[in-house]
Amino acid sequence: MTDGTAEAGYPDIWRRFTPRQTLVRYVWFLGAVFVAVWSVRHLDIPWFYFLDAHVQAADLAVRMIPPDWSYFDVIARPLIETIHIATLGTIVTFFIAFPIAFLAARNTTPNRLTWFIGRFILVASRSVNTVVWALLFVAIFGPGPVAGIWAVAFRSIGFMGKLIAEAIEEIDEGPVEAIASTGASRLKVLLVGVLPQVLPVIYGTTIYRWDINIRESTVLGFVGAGGIGIQLYASINQFAWDEVSLMLLAIFGVVVISEYVSAMVRQKIT
Amino acid sequence: MLKIEALSKSYTAGVAALDNVSFEVAEPQVVAIIGPSGAGKSTLIRCINRLVEPTAGSAILNGENVTNLNSAGLRKARRRMGMIFQEYNLVERLTVMENVLSGRLGYVSFWQAWRRNYPPEDISNAFKLLDRVGLSGFQDQRADALSGGQRQRVGIARALMQKPDLLLVDEPTASLDPKTSRQVMRILVELAHELSTPTLLNIHDVPLAKNFADRVLGMQDGKLIFDGTPDELTEDALTLIYGEEDWKPEAKAGSPAEQENADSPEQAAAV
Amino acid sequence: MIENPLLRHGLLVLAVMYLAWSLGSLEIDWSRTSQGAERAGRIFSRMFPPDFSRWSLLVRGVTESVEMALAASFIGMILAIPVGLCAASNIAPRPIYLAARGILVLTRTFHEVIIAILFVKIFGFGPLAGVLTLVVASVSFIGKMLAEDIENMGSQQMEAIRATGASFPKVLIYGVMPQILPRYLGVSIYRLDANIRHSTVVGIVGAGGIGQTLSATFSRYDYDFSLAILLTIIGLVFLGEFFSNWVRGRLR
Ligand SMILES: Nc1ncnc2c1ncn2[C@@H]1O[C@H](COP(=O)(O)OP(=O)(O)OP(=O)(O)O)[C@@H](O)[C@H]1O
Ligand SMILES: [Mg+2]
């Protein structure tokens, strides 16, 4: 439909980017592609595994169906244990994350050194995965749910501590100063001036973390830290796929329900 | 040019938002559509380019029945219908030029569109239109950095980029102040006449409609109840469309939205 | 916080009852647990000083983890686009939308380690299973964000492009892409950082990376090397976070 005539007196070239901008964009893009390709090649992936992967996967699926419903009697207890590990771990975190958050928030920490310590604890806690923490606690407490509870707690401290510290840094300083000016002790200022302001955030993040922890607790058993993971790992290693599929179903149910509960409670609080 | 035949639309079964509307636009003219809120003005316009699917009836543009085209045919038909929106509907994060050029999207290949590699005649036409709407030099600004009036002028340029056979305009000035409204209307109507493009124009502002339109349609409850020249739009006709007394300046004190209009000397003068 | 005293005390009682029930029902070997403090002391004393002498093993593991994360982020970022589009209710037809949402829920529900072990069973030990696990997790995460962004974006801009007669792909690149691109890139970069963190754990079930090395040191009671690895992981995660914040800062 264009009539094919240019409008006299007006430029007929327009570029979205200057040549320099174009170059920069290409460099970023090619850089990303290069890094990805280099990574894949360097990993030395045996691509021929893909040749029969679909056969393997189909085979797996066939063996998984139907699930071995009778096995439910065996996994009922571990399933409840999984929930307990997540819940107790979260409760422990609730009490530890507070003081550390106060250390790690700029406006409540006593001095630079304590601030640094607080920050370091938060970073260290978050850098180490729950499962890795579990390895450590299994070595300490031996296999079982106690190791799992501590693993969950140690990983959650960083998560909750960071969010709470951020909330503390954003509080309204007015009431804090009012209480400080009455000559109250430092602890009192924290408890009366700061705490009430961040409590909603704390409740919210606790419940949010709780449902993440349910998900995490399902695999702690792989390293011996209790919960359904122990049975799951055993069944996978025995190639008892009909038991595996039942457990996957059960895990799916528990995780979805806990997510729903968590979302509902958080909606009620805020 | 455009023929609307018994066009109807009900969003919920039984309630007609558009009820058996028929009219014809036989020459390139600016047709203002007025009527109270909820009368079905937007629905009418959107049923023509099928952003809303009509329930019955047909819209015939230059002999082609748009209502029963398949999706490829509809896309072709939409190329020939430029649309201008109340909220401008520019792609905010794109530049002015990209927004204007997007009017040609129906004509370029995907790859050209992706690379912003439009034919030279499109680019010079875009520069010309930007100049005509008073925005020369703005081509590399992002759309979200513009004022309302500027955005609407980009919207006009985008629609005209399509070299449309029909302009569909849905309350182009409702989000603008009175002075800018008149500027935008003047640009729009001038260009429509200059390019001989028939234009359907929804508008709330009766004085603006009388001032700029060649013909006025009045709607109420989904029905077309007035069709005439601006001069024929007498007090009686307005009463018919808007109901008893509601449209008169003296009656406006009650409604704050209308109050704004009454306060504007520009518009008082325009009546 | 809770005004009603009855409710407040009721909740407290419930909490205590829960504690009693859960602690009672857990199978806890108290004698073993009570040795915890002592054993922790012994383990920590064995951990110090961390042993960096086997650094070549360490570097190899870390490199593998980082490569797994990079490859998986890139592939995941690309695969997330079709998944995200299909999972947006305002763009995709109903059946496709439901299928895509189903995939997202399924992949998000299962922990990476579960997915990893299934891949290990299909593809054998090694980084391939790890990369695939991280790809699945990335697609799930980025895809969900993308779908939500598309659902929340203004439909008006899209409608205007549609009204010009543009085909669906062109509506996507003009009406949709500009609105969601900045956040998509931000989320993808964030996911790279998350993948670096997760790449350290999939190794525990044999899916490659530094995690595999780490879990071996624990089973050999090789705690000074464990600490060296842990410190390296912390440093790596820190760097990853720093990089991701830097890039996201520049994107704005
Ligand atoms: N998407 C929709 N779904 C259901 N009903 C709708 C929808 N859009 C409009 N309607 C109804 O159709 C009728 C006509 O609406 P329309 O938007 O066409 O009126 P209008 O004349 O443009 O009003 P306004 O002047 O306020 O823009 C109204 O009763 C409205 O409630
Ligand atoms: Mg309307």
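Report the FRET efficiency, 1/(1 + (r/R0)^6), for A:Gln197 and A:Phe116, where r is their Cβ-Cβ distance and R0 is 25 Å, rounded to 0.05.
The formula returns an efficiency of 0.55 here.
To the nearest 10 degrees, how steeply does helix B:120-132 sit against the main Cα axis of chain B, on a 0 to 90 scale?
The angle comes out near 40 degrees.
Just flag the GluC sites (Glu not before Pro) in region A:124-206 sitting in loop per DSSP whose Cβ has no more than 16 other Cβ atoms within 10 Å.
A:Glu170
Determine the calculated [θ] at 222 nm for chain C from helices alone, applying -39500 (n - 2.57) to every DSSP H run no shorter than 4 residues and normalising by the residue count; nearest 500 deg cm²/dmol.
So the calculated ellipticity at 222 nm is -27000 deg cm²/dmol.
Please sort by residue number the trypsin sites (Lys or Arg not before Pro) in region B:23-58 whose DSSP state is loop and whose Cβ has at most 15 other Cβ atoms within 10 Å.
Values: sites: B:Lys41, B:Arg46, B:Arg50; in loops: B:Arg50.
For trypsin sites (Lys or Arg not before Pro) across region B:23-58 that sit outside H, G, I, E and B with at most 15 neighbouring Cβ atoms in 10 Å, the list is empty.
Report the convex hull volume per residue for region B:95-163, counting only C-alpha atoms, in Å³.
Measuring per residue, one finds 76 Å³ for the Cα hull of region B:95-163.
Rounded to the nearest 500, what is the 222 nm mean residue ellipticity of chain A from helices alone, with -39500 (n - 2.57) per DSSP H run of 4+ residues and division by all residues?
-24500 deg cm²/dmol
If you average 1/r across every pair of different Cα atoms in region A:45-130 and take the reciprocal, what Kirkwood value do you get, in Å? Don't skip to the end; give the middle numbers.
Working: mean 1/r = 0.0559 Å⁻¹.
Final number for the Kirkwood radius of region A:45-130 is 17.9 Å.
Mean residue ellipticity at 222 nm from the helices of chain B, using -39,500 (n - 2.57) per DSSP H segment of n ≥ 4 over the full residue count, to the nearest 500 deg cm²/dmol?
That comes out to -10500 deg cm²/dmol.
Could you compute how fast chain C diffuses translationally, taking Rh as the Kirkwood radius over C-alpha pairs and applying Stokes-Einstein at 10 °C with viscosity 1.306 mPa s? Give it in µm² per second.
Numbers: Rh = 21.6 Å.
The estimated diffusion coefficient comes to 74 µm²/s.
Expressed as a rounded percentage, what relative contact order does chain B have, with Cα pairs under 8 Å and six or more residues apart?
Relative contact order, chain B: 25 percent.
In nm, to one decimal, how far is the A:Tyr10 label point from the A:Arg41 one, both placed 7 Å along Cα→Cβ?
That separation, rounded to one decimal, is 4.8 nm.
Write down the radius of gyration of chain A and its Dmax, each obtained from C-alpha positions, in Å.
Reported Rg and Dmax, both Å: 26.9, 85.
Using every alpha carbon pair in the protein assembly as shown, what percent of pairs falls into each 10 Å bin from 0 up to the bin containing the largest distance?
Taking all Cα pairs of the protein assembly as shown, the binned fractions are 2, 11, 18, 18, 15, 14, 12, 7, 2, 0, 0 percent.
For peptide A:35-48, how many partner chain Cβ atoms fall within 10 Å of a residue's Cβ, on average?
Mean shielding by partner chains, rounded to a whole number: 6.
What does the average come to when, for each residue of peptide A:233-245, you count the partner chain Cβ atoms lying within 10 Å of its Cβ?
Numbers: counts 4, 0, 0, 6, 2, 0, 1, 0, 1, 0, 0, 4, 0.
Going residue by residue through A:233-245 and averaging, the value is 1.
Would you mind getting me the FRET efficiency between C:Leu12 and A:Ala61? Use the beta-carbon distance for r and R0 = 51 Å, nearest 0.05.
0.60
Averaged over peptide C:7-20, how many Cβ atoms belonging to another chain are found within 10 Å of each residue's Cβ?
1
When the Cα centres of region A:176-223 and region C:57-84 are compared, how far apart do they sit, in Å?
34
Please tell me which of these pairs span more than 28 angstrom C-alpha to C-alpha: B:Lys9/B:Lys76; B:Lys41/B:Lys128; B:Lys41/B:Lys163; B:Lys3/B:Lys76?
The pairs that break the limit, which is 28 Å between Cα atoms, are B:Lys41/B:Lys128.
Each value in this text was obtained by applying a stated rule to the coordinates, not by laboratory testing. Here the structure is a predicted model, which means the values were calculated and not measured. Cβ atoms come from the backbone with ideal geometry, glycine included; neighbour counts cover every protein chain shown.
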